[in-house]
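Asks: Quick one: the structure is below, questions incoming.
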Amino acid sequence: MSAIRYELIKKCKQTGARLGRVYTPHGYFDTPAFMPVGTQATVKGMSPDELKSIEAGIILSNTYHLHIRPGEDIIKEAGGLHKFMNWDRPILTDSGGFQVFSLGDFRKIEEEGVTFKSHVDGSKKFLSPESAIKIQNKLGADIIMAFDECIPYPAEFHYVKKSVERTTRWAKRCIKAHENPETQALFGIVQGGMYKELRRQSAYELLELDFPGYAIGGLSVGEPAEEMYEMLECTVPLLPEDKPRYLMGVGSPDYLVEGAIRGIDMFDCVLPTRIGRNGTVLTSRGRMIIRDALYARDQSPIDPDCDCYACKNFTRSYIRHLIKAKEVLGIRLTTWHNLRFLLNLMKNVREAIKEDRLLDFRNEFFKNFGYN
Ligand code: PRF
Ligand code: ZN
């Protein structure tokens, strides 16, 4: 028995999108879903109650960061990640595969695993399929991720092929090392760079291992949007209908809608929280740089169509002032709004799937947001 169950509720008649629900040991979440990122066992600036008030159904955290600080043993002693951070809804932890490649300055990739330098104190660290799973077993998230190599863009065919084959060998080692398959679902990660043939090879190899869910990694790494969509179009149709599909590290509004249209069920990204902290907000009319002098005397809310705490209670003028004065409340309000904006976008996407009008929704949303 797997720790999770995916219920396919309905397919959109206009697109390849799916309305679904994923049941986990900590309750269910509706899909397509956006997962706010809580790298350090906290979604920066938001309390668990606040996250619930904006209807976050599942959050993501990181093996790499929690291993370095405070260490998985401290979290296990606290009763696991849910208890440690007081979040009782589903959690997914990423394996560290990606963070090691994007954060570690010095790194050496070998068959056994990856050696890298801690971004905190520069000390030498090592992660392997076995240790990444062992750490995730101690953290206790509902969904855990295989240890993979996220290939940089661009990359040579020959290198990508070797890397894909190693990621499959690592995936097998992850399954073998996993101690709690009944309470934690281990997802495989399809890689393959920007080569359709290698994406298919990676998918076929991982399908044989029968994971309870599949992620698509190595995308949104600097390639043009069209290339990402092509990779999705050649990979998603190979994945099982009765399991969730997760597009890793993708969360701009256009990618969320286009991903859902192509059959993706789960997404995560630091975008809403990160841009919020530097004073950029997402609105139904596009991105807005709230720091801009244009808003100094603007007495309207960030987004008149938004129902979030920031929009119901504060003006652009005030939030701009807080951000410029580097006040904590400023970044709390922009983060709050941006997360609510994306969670609400996903809710609208789910509504549109239910009513077979996701393509119409996409066209209307893109027109207002300023995409084409
Ligand atoms: N692998 C893992 N985590 C990830 C990625 C990946 O390829 C990406 C790529 N966009 C984001 N996060 N393990
Ligand atoms: Zn708002």
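The values are calculated or read from the model by the stated rules, or taken from the named source; none is laboratory data. Predicted, not measured: the structure shown is a model, and the values here were computed from it. So basically every Cβ, Gly included, is an ideal-geometry build from the backbone, and we count neighbours across all protein chains shown. The area values use the complete protein model at the heavy-atom level, side chains included, leaving out ligands, DNA and RNA. Shrake-Rupley method; radii C 1.70, N 1.55, O 1.52, S 1.80 Å.
Asks: For Leu322, indicate whether it is open to solvent by less than 40 Å² (accessible area, probe 1.4 Å), within 23 Å of the chain's Cα centre (by Cα) and not polar (S, T, N, Q).
Replies: For Leu322, the condition - open to solvent by less than 40 Å² (accessible area, probe 1.4 Å), within 23 Å of the chain's Cα centre (by Cα) and not polar (S, T, N, Q) - is not met.
Asks: Out of all the residues in the range 232-249, which are within 18 Å of Asp30 (Cβ to Cβ) and touching a helix residue (DSSP H, G or I) at 6+ places or on another chain (Cβ under 8 Å)?
Replies: Correct list: Arg245, Leu247.
Asks: Would the range 24-40 turn up any residue that is in a loop (DSSP other than H, G, I, E, B) and within 16 Å of ligand 2 (Cβ to nearest atom)?
Replies: yes
Asks: Give me a count of the residues in the range 209-244 that are in a loop (DSSP other than H, G, I, E, B), open to solvent by less than 30 Å² (accessible area, probe 1.4 Å), under 18 Å from Leu198 (Cβ atoms) and away from ligand 1 (no atom under 13 Å from the Cβ).
Replies: So the answer is 1.
Asks: Something else: Determine whether Arg297 is of a type in the set (Lys, Arg), surrounded by 21 or more Cβ atoms within 10 Å (Cβ to Cβ) and in contact with a helix residue (DSSP H, G or I) (Cβ under 7 Å, 6 or more places away or on another chain).
Replies: Taking the combined requirement at face value, the residue does not satisfy it.
Asks: Turning to a different aspect of this structure: Can you find a residue that is away from ligand 2 (no atom under 16 Å from the Cβ) and not in a helix (DSSP H, G or I) anywhere in the range 156-174?
Replies: yes
Asks: State which residue pairs qualify: first residue among the charged types (D, E, K, R) and inside the range 180-191, second residue open to solvent by 50 Å² or more (accessible area, probe 1.4 Å) in any location, beta carbons under 7 Å apart, and separation of 6 or more residues or different chains.
Replies: Hits for this filter: Glu182/Met1.
Asks: Can you pull out every residue in the range 142-160 that is over 21 Å from the mean Cα position of the chain (by Cα) and either small (Gly, Ala, Ser) or open to solvent by 70 Å² or more (accessible area, probe 1.4 Å) (or both)?
Replies: Pro154, Ala155, Glu156, Phe157, His158, Tyr159
Asks: At least 1 residues that are in contact (Cβ under 8 Å) with a residue 12 or more places away in the chain and more than 14 Å from ligand 1 (Cβ to nearest atom) in each: list the strands (runs of 3 or more DSSP E) lying fully within the range 72-145 that qualify.
Replies: Result: 91-94, 114-117, 124-127.
Asks: Within the range 83-114, take every residue that is polar (S, T, N, Q) and at pLDDT 95 or above and give me the one that is surrounded by the most Cβ atoms within 10 Å (Cβ to Cβ).
Replies: Per the stated criteria, the residue is Ser95.
Asks: Determine if the range 267-284 includes at least one residue that is buried (at least 18 other Cβ atoms within 10 Å of the Cβ), part of a loop (DSSP other than H, G, I, E, B) and small (Gly, Ala, Ser).
Replies: Yes, some residue in the range 267-284 is buried (at least 18 other Cβ atoms within 10 Å of the Cβ), part of a loop (DSSP other than H, G, I, E, B) and small (Gly, Ala, Ser).
Asks: Of the residues in the range 50-70, how many are open to solvent by 10 Å² or more (accessible area, probe 1.4 Å) and within 22 Å of Ser131 (Cα to Cα)?
Replies: 5
Asks: Have a look at Phe29, Phe34 and point out the one that is in contact (Cβ under 8 Å) with a residue 40 or more places away in the chain, open to solvent by less than 20 Å² (accessible area, probe 1.4 Å) and either in contact with a Phe, Trp or Tyr (Cβ under 7 Å, 6 or more places away or on another chain) or among the hydroxyl-bearing types (Ser, Thr, Tyr) (or both).
Replies: Only one candidate passes the filter, namely Phe34.
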